[in-house]
Amino acid sequence: MAERDANVESLMSSPVETIAPSATIAEAAQVLASKGIGSLVVGDEQVTGIVTESDIVEAVAEEMDPSRQISEIMSDPVVTIQRSESLQVAAERMGHNGVKKLPVVEDGAAVGIITTTDLALHLPDYQVSMAHQAEPDIVDGEWE
């Protein structure tokens with residue numbers, strides 16, 4: 001079991017699944033379903049967004065054409081974290097920004113991802129308060 005002061009690298013999933021911003025909503029849905037995952041980082045060499053199951057569901061609910069690009073539904077800017085930061089910093093960043101998934105970046109590229117589920121499974125006694133919405137000063141994201 002990871003300790004509270006362990007770093008993000010100790011829990012992150014790697015490699016992270018990425019997809020090009022030009023991919024379609026249908027392609028993203030197929031990757032999510034086939035891999036059994038809940039999100040895709042958008043951008044291979046530079047993180048430009050993140051698309052989640054919820055984004056896909058919302059697009060379907062709005063009757064968006066599944067051939068539209070995921071860049072139209074992805075969340076951006078993306079709140080990220082470095083692999084050397086502590087699990088406590090990751091938990092606080094998630095809570096303060098109301099996000100459940102943090103791409104782990106190095107030089108702007110995704111090298112992994114850490115989720116609230118990862119933290120919950122490995123730090124069961126560590127309580128994280130989630131914000132109802134992101135802090136107002138996060139409009140440009142938190143970058144490495």
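Bear in mind that the values in this text are calculations on the coordinates, not laboratory data. Being a predicted model, the structure only gives us computed values, none of them experimental. FYI the Cβ positions are ideal-geometry reconstructions off the backbone, even for glycines, and counts take in every protein chain you see.
Details
- The distance between label points at Gln46 and Ala26 comes to 3.0 nm (points 7 Å beyond Cα on the Cα→Cβ vector).
- Computed E for Ser14/Glu62 - FRET, C-beta separation, R0 30 angstrom, nearest 0.05: 0.35
- Among Gly49, His96, Ile70 the positive-end extreme of the charge dipole of segment 8-138 (Cβ point charges): His96
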